[in-house]
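Have a look at the structure below before the remarks.
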Amino acid sequence: MKYYLGVDAGGSKTYALVTDQNGCTLGKGISGNGNHQTGYDTARRNITEAVNEAMHQANLLPHEIDFAVFGLAGADRETDYKVLRPMIGELGFPRHEVVCDTMIALRAGTTKSYGVVLICGSGTNSAGKNHLGEFYQCGGFSYQFGDFGGGGSLAVEAFRSVIRAWDGREQPTQLTELLLTYLKYDSVSDMFNDYLDHNKVPPIDSAKLVFQAASCGDIVAQGILRHQGEELGQSAGAVIRKLKMDNEDFDVVLAGSILTRGRSEIIHSCIHSAIQDIAPGAKLVKLNVEPVIGAVWMAMEATGSPLSPEPYDRLRIIKEFQTMNLEERV
(Lines give C-alpha, C1' and ligand atoms only; values in the text may rest on other atoms or scores of the structure.)
Protein backbone atom coordinates (compact mmCIF):
# COMPACT_ATOMS: atom_id res chain seq x y z
CA MET A 1 0.00 0.00 0.00
CA LYS A 2 1.20 3.51 -0.83
CA TYR A 3 0.57 6.58 1.31
CA TYR A 4 0.42 10.27 0.45
CA LEU A 5 0.38 13.60 2.28
CA GLY A 6 -1.06 16.87 1.02
CA VAL A 7 -0.74 20.19 2.85
CA ASP A 8 -2.47 23.51 2.20
CA ALA A 9 -0.95 26.30 4.30
CA GLY A 10 -2.65 29.66 3.83
CA GLY A 11 -2.86 33.00 5.55
CA SER A 12 -5.58 31.94 7.99
CA LYS A 13 -5.38 28.14 8.25
CA THR A 14 -3.30 25.07 7.50
CA TYR A 15 -4.82 21.77 6.41
CA ALA A 16 -2.99 18.43 6.19
CA LEU A 17 -4.45 15.27 4.69
CA VAL A 18 -3.02 11.73 4.60
CA THR A 19 -4.54 9.13 2.27
CA ASP A 20 -3.69 5.76 0.82
CA GLN A 21 -3.38 5.00 -2.88
CA ASN A 22 -7.13 4.36 -3.12
CA GLY A 23 -7.98 7.82 -1.83
CA CYS A 24 -9.14 6.60 1.58
CA THR A 25 -8.63 9.27 4.24
CA LEU A 26 -6.32 8.09 7.01
CA GLY A 27 -5.63 11.34 8.86
CA LYS A 28 -6.52 15.02 8.94
CA GLY A 29 -4.82 17.95 10.64
CA ILE A 30 -5.79 21.57 11.00
CA SER A 31 -4.03 24.60 12.47
CA GLY A 32 -3.69 28.33 11.91
CA ASN A 33 -1.75 30.69 9.63
CA GLY A 34 0.90 28.91 7.58
CA ASN A 35 2.25 31.87 5.59
CA HIS A 36 5.87 32.51 6.55
CA GLN A 37 5.68 36.05 5.18
CA THR A 38 3.50 37.07 8.13
CA GLY A 39 5.57 35.24 10.72
CA TYR A 40 8.11 32.47 10.21
CA ASP A 41 7.86 30.96 13.69
CA THR A 42 4.06 30.95 13.63
CA ALA A 43 3.94 29.36 10.17
CA ARG A 44 6.52 26.72 11.11
CA ARG A 45 4.63 25.83 14.28
CA ASN A 46 1.23 25.62 12.58
CA ILE A 47 2.42 23.59 9.59
CA THR A 48 4.20 21.19 11.94
CA GLU A 49 1.14 20.90 14.16
CA ALA A 50 -1.25 20.14 11.29
CA VAL A 51 1.12 17.61 9.71
CA ASN A 52 1.87 15.86 13.01
CA GLU A 53 -1.80 15.54 13.80
CA ALA A 54 -2.64 14.03 10.39
CA MET A 55 0.31 11.63 10.63
CA HIS A 56 -0.67 10.61 14.17
CA GLN A 57 -4.23 9.83 13.09
CA ALA A 58 -2.86 7.80 10.17
CA ASN A 59 -0.41 6.00 12.47
CA LEU A 60 2.38 6.58 9.97
CA LEU A 61 5.94 7.90 10.12
CA PRO A 62 7.42 10.33 7.54
CA HIS A 63 9.54 7.67 5.83
CA GLU A 64 6.36 5.66 5.15
CA ILE A 65 4.87 8.46 3.02
CA ASP A 66 5.55 7.75 -0.64
CA PHE A 67 5.24 11.43 -1.56
CA ALA A 68 4.14 14.68 0.08
CA VAL A 69 3.17 17.95 -1.57
CA PHE A 70 3.17 21.17 0.43
CA GLY A 71 1.11 23.96 -1.15
CA LEU A 72 2.20 27.07 0.72
CA ALA A 73 0.98 30.64 0.65
CA GLY A 74 3.98 32.93 0.28
CA ALA A 75 5.92 30.46 -1.89
CA ASP A 76 6.22 33.11 -4.57
CA ARG A 77 9.90 33.70 -5.31
CA GLU A 78 13.23 31.92 -4.98
CA THR A 79 13.85 34.03 -1.88
CA ASP A 80 10.80 32.37 -0.31
CA TYR A 81 11.88 28.87 -1.30
CA LYS A 82 15.25 29.38 0.35
CA VAL A 83 13.31 29.81 3.59
CA LEU A 84 10.59 27.22 2.98
CA ARG A 85 12.60 24.25 1.70
CA PRO A 86 14.68 23.95 4.90
CA MET A 87 11.55 24.50 7.01
CA ILE A 88 9.70 21.67 5.30
CA GLY A 89 12.83 19.54 5.20
CA GLU A 90 12.86 19.53 9.00
CA LEU A 91 9.64 17.51 8.97
CA GLY A 92 11.56 14.48 7.74
CA PHE A 93 9.69 13.45 4.60
CA PRO A 94 12.29 11.94 2.24
CA ARG A 95 10.17 12.49 -0.88
CA HIS A 96 8.35 15.80 -1.04
CA GLU A 97 7.82 18.97 -3.05
CA VAL A 98 7.08 22.57 -2.06
CA VAL A 99 4.84 24.55 -4.42
CA CYS A 100 2.84 27.77 -4.30
CA ASP A 101 -0.70 27.28 -3.01
CA THR A 102 -2.00 28.53 -6.36
CA MET A 103 -0.87 25.26 -7.93
CA ILE A 104 -2.77 22.97 -5.59
CA ALA A 105 -5.90 25.08 -6.08
CA LEU A 106 -5.48 24.78 -9.85
CA ARG A 107 -5.00 21.01 -9.63
CA ALA A 108 -8.03 20.63 -7.37
CA GLY A 109 -10.27 22.54 -9.75
CA THR A 110 -9.57 20.97 -13.14
CA THR A 111 -9.09 17.53 -14.64
CA LYS A 112 -6.53 18.94 -17.06
CA SER A 113 -2.80 19.17 -16.40
CA TYR A 114 -2.80 22.86 -17.34
CA GLY A 115 -4.98 25.93 -16.89
CA VAL A 116 -5.31 29.20 -15.01
CA VAL A 117 -6.30 29.82 -11.40
CA LEU A 118 -7.65 33.00 -9.82
CA ILE A 119 -7.59 33.15 -6.03
CA CYS A 120 -9.57 35.81 -4.23
CA GLY A 121 -9.91 35.25 -0.51
CA SER A 122 -8.34 37.52 2.08
CA GLY A 123 -6.14 38.76 -0.77
CA THR A 124 -5.68 37.90 -4.44
CA ASN A 125 -3.33 35.89 -6.59
CA SER A 126 -3.34 34.44 -10.09
CA ALA A 127 -1.23 31.89 -11.87
CA GLY A 128 -1.23 29.37 -14.68
CA LYS A 129 0.52 26.46 -16.30
CA ASN A 130 0.40 25.74 -20.01
CA HIS A 131 0.51 22.37 -21.78
CA LEU A 132 4.31 22.62 -21.96
CA GLY A 133 4.48 22.81 -18.17
CA GLU A 134 5.56 26.46 -18.15
CA PHE A 135 4.39 28.35 -15.05
CA TYR A 136 3.62 32.01 -14.53
CA GLN A 137 2.33 33.88 -11.48
CA CYS A 138 0.80 37.34 -11.72
CA GLY A 139 0.31 39.23 -8.49
CA GLY A 140 0.00 38.11 -4.92
CA PHE A 141 2.29 40.83 -3.58
CA SER A 142 -0.16 43.50 -2.28
CA TYR A 143 -1.65 46.73 -3.62
CA GLN A 144 1.73 48.50 -3.75
CA PHE A 145 2.96 45.88 -6.21
CA GLY A 146 -0.02 46.01 -8.53
CA ASP A 147 -2.76 43.99 -6.81
CA PHE A 148 -6.28 44.96 -5.91
CA GLY A 149 -8.90 42.96 -4.12
CA GLY A 150 -9.73 40.22 -1.72
CA GLY A 151 -11.65 40.53 1.52
CA GLY A 152 -9.23 43.05 3.00
CA SER A 153 -9.55 45.42 0.05
CA LEU A 154 -13.33 45.04 -0.20
CA ALA A 155 -13.71 45.82 3.50
CA VAL A 156 -11.67 49.00 3.06
CA GLU A 157 -13.63 49.95 -0.07
CA ALA A 158 -16.90 49.55 1.84
CA PHE A 159 -15.57 51.73 4.67
CA ARG A 160 -14.28 54.38 2.24
CA SER A 161 -17.60 54.50 0.39
CA VAL A 162 -19.48 55.15 3.61
CA ILE A 163 -17.08 57.95 4.54
CA ARG A 164 -17.26 59.47 1.06
CA ALA A 165 -21.06 59.37 1.08
CA TRP A 166 -21.06 61.02 4.50
CA ASP A 167 -18.72 63.87 3.55
CA GLY A 168 -20.38 64.48 0.19
CA ARG A 169 -17.83 63.04 -2.23
CA GLU A 170 -19.99 60.10 -3.25
CA GLN A 171 -23.66 59.25 -3.55
CA PRO A 172 -25.58 57.71 -0.63
CA THR A 173 -25.22 53.97 -0.21
CA GLN A 174 -26.93 51.20 1.71
CA LEU A 175 -23.49 50.30 2.99
CA THR A 176 -23.80 53.13 5.51
CA GLU A 177 -26.57 51.54 7.54
CA LEU A 178 -25.14 48.06 7.12
CA LEU A 179 -21.66 49.04 8.26
CA LEU A 180 -22.80 51.15 11.21
CA THR A 181 -24.95 48.29 12.44
CA TYR A 182 -22.20 45.74 11.92
CA LEU A 183 -19.53 47.80 13.68
CA LYS A 184 -21.98 49.03 16.36
CA TYR A 185 -21.75 52.80 15.85
CA ASP A 186 -24.58 55.30 16.15
CA SER A 187 -23.29 57.59 13.41
CA VAL A 188 -20.69 57.85 10.68
CA SER A 189 -19.10 60.68 12.62
CA ASP A 190 -18.57 58.42 15.63
CA MET A 191 -17.10 55.69 13.44
CA PHE A 192 -14.88 58.12 11.51
CA ASN A 193 -13.36 59.66 14.63
CA ASP A 194 -12.89 56.38 16.48
CA TYR A 195 -11.11 54.76 13.55
CA LEU A 196 -8.98 57.85 12.93
CA ASP A 197 -8.09 58.37 16.58
CA HIS A 198 -7.15 54.74 17.19
CA ASN A 199 -5.68 53.87 13.77
CA LYS A 200 -8.20 51.09 13.21
CA VAL A 201 -8.64 49.01 10.07
CA PRO A 202 -12.05 47.70 8.93
CA PRO A 203 -12.45 44.00 9.84
CA ILE A 204 -12.02 41.72 6.85
CA ASP A 205 -15.36 40.00 7.40
CA SER A 206 -17.17 43.28 6.73
CA ALA A 207 -16.50 42.54 3.04
CA LYS A 208 -19.67 40.45 3.08
CA LEU A 209 -21.67 43.66 3.44
CA VAL A 210 -20.66 44.64 -0.09
CA PHE A 211 -22.35 41.53 -1.44
CA GLN A 212 -25.39 42.14 0.74
CA ALA A 213 -25.82 45.71 -0.47
CA ALA A 214 -25.14 44.77 -4.09
CA SER A 215 -27.85 42.11 -3.99
CA CYS A 216 -30.30 44.83 -2.95
CA GLY A 217 -29.40 46.93 -5.97
CA ASP A 218 -26.97 49.36 -4.33
CA ILE A 219 -25.03 51.03 -7.15
CA VAL A 220 -21.98 51.83 -5.02
CA ALA A 221 -21.61 48.23 -3.80
CA GLN A 222 -22.13 46.90 -7.31
CA GLY A 223 -19.39 49.22 -8.54
CA ILE A 224 -16.98 47.83 -5.95
CA LEU A 225 -17.68 44.26 -7.07
CA ARG A 226 -17.36 45.27 -10.71
CA HIS A 227 -13.94 46.76 -10.00
CA GLN A 228 -12.92 43.53 -8.30
CA GLY A 229 -14.08 41.45 -11.26
CA GLU A 230 -12.31 43.65 -13.78
CA GLU A 231 -9.05 43.43 -11.85
CA LEU A 232 -9.26 39.63 -11.70
CA GLY A 233 -10.07 39.54 -15.39
CA GLN A 234 -6.97 41.59 -16.13
CA SER A 235 -4.87 39.21 -14.04
CA ALA A 236 -6.24 36.19 -15.89
CA GLY A 237 -5.56 37.92 -19.20
CA ALA A 238 -1.97 38.62 -18.21
CA VAL A 239 -1.39 34.96 -17.35
CA ILE A 240 -3.04 33.73 -20.56
CA ARG A 241 -0.99 36.04 -22.76
CA LYS A 242 2.27 35.30 -20.95
CA LEU A 243 1.80 31.53 -21.36
CA LYS A 244 0.48 31.89 -24.94
CA MET A 245 -2.72 30.03 -24.13
CA ASP A 246 -5.10 32.27 -26.08
CA ASN A 247 -5.85 29.59 -28.70
CA GLU A 248 -6.24 26.71 -26.23
CA ASP A 249 -9.18 25.15 -24.41
CA PHE A 250 -8.63 25.16 -20.65
CA ASP A 251 -10.29 25.85 -17.30
CA VAL A 252 -9.99 29.06 -15.32
CA VAL A 253 -10.38 27.85 -11.75
CA LEU A 254 -11.99 30.30 -9.34
CA ALA A 255 -10.82 29.81 -5.77
CA GLY A 256 -11.02 31.69 -2.47
CA SER A 257 -14.04 32.73 -0.44
CA ILE A 258 -14.82 35.89 -2.45
CA LEU A 259 -15.14 33.86 -5.64
CA THR A 260 -16.67 30.66 -4.28
CA ARG A 261 -18.97 31.99 -1.54
CA GLY A 262 -19.74 35.56 -2.58
CA ARG A 263 -23.39 35.79 -3.56
CA SER A 264 -23.14 37.90 -6.66
CA GLU A 265 -22.59 37.18 -10.34
CA ILE A 266 -21.04 40.59 -10.99
CA ILE A 267 -17.47 39.48 -10.35
CA HIS A 268 -17.86 36.28 -12.34
CA SER A 269 -19.43 38.05 -15.31
CA CYS A 270 -16.58 40.57 -15.45
CA ILE A 271 -14.00 37.78 -15.40
CA HIS A 272 -15.90 35.84 -18.06
CA SER A 273 -16.09 38.87 -20.32
CA ALA A 274 -12.37 39.56 -19.97
CA ILE A 275 -11.18 36.02 -20.74
CA GLN A 276 -13.61 35.50 -23.62
CA ASP A 277 -12.04 38.44 -25.41
CA ILE A 278 -8.61 36.81 -25.07
CA ALA A 279 -9.20 33.03 -25.00
CA PRO A 280 -12.63 32.01 -26.31
CA GLY A 281 -11.93 28.37 -25.45
CA ALA A 282 -11.46 29.07 -21.74
CA LYS A 283 -14.15 28.03 -19.28
CA LEU A 284 -14.79 29.33 -15.75
CA VAL A 285 -14.87 26.57 -13.12
CA LYS A 286 -15.66 27.28 -9.47
CA LEU A 287 -13.48 25.29 -7.08
CA ASN A 288 -15.79 23.10 -5.00
CA VAL A 289 -13.28 20.99 -3.06
CA GLU A 290 -10.60 21.92 -0.56
CA PRO A 291 -7.29 22.82 -2.29
CA VAL A 292 -5.50 20.37 0.01
CA ILE A 293 -7.10 17.61 -2.07
CA GLY A 294 -5.26 19.01 -5.09
CA ALA A 295 -2.04 18.63 -3.10
CA VAL A 296 -2.82 14.95 -2.50
CA TRP A 297 -3.59 14.39 -6.18
CA MET A 298 -0.28 16.05 -7.10
CA ALA A 299 1.52 13.80 -4.61
CA MET A 300 -0.03 10.73 -6.20
CA GLU A 301 0.96 11.88 -9.68
CA ALA A 302 4.51 12.70 -8.54
CA THR A 303 5.26 9.01 -8.09
CA GLY A 304 4.86 8.53 -11.83
CA SER A 305 1.41 6.98 -11.99
CA PRO A 306 -1.61 8.68 -13.57
CA LEU A 307 -4.42 9.43 -11.16
CA SER A 308 -6.99 6.63 -11.35
CA PRO A 309 -10.74 7.30 -11.07
CA GLU A 310 -11.10 5.68 -7.64
CA PRO A 311 -8.98 8.08 -5.53
CA TYR A 312 -10.11 10.98 -7.69
CA ASP A 313 -13.79 10.36 -7.06
CA ARG A 314 -13.35 9.36 -3.41
CA LEU A 315 -11.43 12.51 -2.47
CA ARG A 316 -13.79 14.87 -4.28
CA ILE A 317 -16.51 14.22 -1.69
CA ILE A 318 -14.43 15.68 1.15
CA LYS A 319 -15.91 19.16 1.57
CA GLU A 320 -14.58 20.38 4.90
CA PHE A 321 -12.17 19.60 7.70
CA GLN A 322 -14.21 19.19 10.84
CA THR A 323 -11.75 17.37 13.08
CA MET A 324 -11.57 20.25 15.55
CA ASN A 325 -12.53 23.85 16.21
CA LEU A 326 -9.82 26.04 14.67
CA GLU A 327 -10.63 29.01 16.93
CA GLU A 328 -9.76 26.90 19.95
CA ARG A 329 -6.37 26.02 18.52
CA VAL A 330 -4.95 29.46 17.66
Notebook entry, point to check: What number of residues in the range 29-52 are surrounded by fewer than 22 Cβ atoms within 10 Å (Cβ to Cβ) and closer than 12 Å to LEU5 by Cα?
Noted result: 1
Check: Name the residues in the range 243-280 that are over 17 Å from LEU106 (Cα atoms), of a type outside the set (D, E, K, R) and part of a loop (DSSP other than H, G, I, E, B), would you?
Finding: ASN247, GLY262, SER264, ALA279, PRO280
Next item on the list: Enumerate the pairs (first residue in the range 66-88 and touching a residue at least 12 places away in the same chain (Cβ under 8 Å) and open to solvent by 10 Å² or more (accessible area, probe 1.4 Å); second residue anywhere and among the aromatic types (Phe, Trp, Tyr) and part of a loop (DSSP other than H, G, I, E, B)) with beta-carbon separation below 8 Å, excluding pairs fewer than 6 apart on the same chain, so at least 6 apart or on different chains.
Entry: ASP76/PHE141
Check: When you go through (1) of a type outside the set (D, E, K, R); (2) touching a Phe, Trp or Tyr at 6+ places or on another chain (Cβ under 7 Å); (3) crowded, with 17+ Cβ neighbours inside 10 Å one by one for PRO62, which number turns out not to apply?
Finding: (3)
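Checking the structure you have, find out if any residue of the range 182-193 is within 30 Å of GLY133 (Cα to Cα) and open to solvent by 70 Å² or more (accessible area, probe 1.4 Å).
no
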Next item on the list: Quick one: which residue in GLU310, GLU328, GLU320 is over 21 Å from the mean Cα position of the chain (by Cα), at pLDDT below 90 and within 25 Å of SER122 (Cα to Cα)?
Entry: GLU328
Notebook entry, point to check: Given the structure, is ASN125 more than 30 Å from LYS244 (Cα to Cα) and polar (S, T, N, Q)?
Noted result: no
Checklist line | Lone qualifier among ALA68, ALA54, ALA105 - being assigned to a helix (DSSP H, G or I) and either of a type in the set (Lys, Arg) or more than 23 Å from LYS286 (Cα to Cα) (or both) | finding: ALA54
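Do we find a residue being modelled with pLDDT of 95 or more, crowded, with 19+ Cβ neighbours inside 10 Å and either touching a strand residue (DSSP E or B) at 6+ places or on another chain (Cβ under 7 Å) or over 14 Å from VAL117 (Cα atoms) (or both) anywhere in the range 256-265?
no
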Notebook entry, point to check: Among the residues of the range 141-152 satisfying the criterion of being surrounded by fewer than 23 Cβ atoms within 10 Å (Cβ to Cβ) and touching a residue at least 24 places away in the same chain (Cβ under 8 Å), which is farthest from LYS208 (Cα to Cα)?
Noted result: PHE141
Check: Restricting the first residue to the range 269-283 and requiring it to be surrounded by 15 or more Cβ atoms within 10 Å (Cβ to Cβ), which pairs with a second residue that is of a type in the set (Phe, Trp, Tyr) meet a Cβ separation below 6 Å and a spacing of at least six or different chains?
Finding: ALA282/PHE250
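Can you tell me which residue in the range 11-28 is most open to solvent (accessible area, probe 1.4 Å), limited to those that are more than 20 Å from GLU301 (Cβ to Cβ) and modelled with pLDDT of 95 or more?
So the residue we want is LYS28.
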Check: When only residues in the range 284-314 that are out of contact with any strand residue (DSSP E or B) (no Cβ under 8 Å at 6 or more places or on another chain), in contact (Cβ under 8 Å) with a residue 24 or more places away in the chain and not charged (D, E, K, R) count, which is nearest to ASP101 (Cα to Cα)?
Finding: VAL289
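The values are calculated or read from the model by the stated rules, or taken from the named source; none is laboratory data. Note that the structure is predicted; figures quoted are calculated from it, not measured. Glycine also receives a Cβ, built like all others from the backbone with ideal geometry; neighbour counts cover every protein chain displayed. With ligands, DNA and RNA removed, areas are computed over all heavy atoms of the protein, side chains included. Shrake-Rupley method; radii C 1.70, N 1.55, O 1.52, S 1.80 Å.
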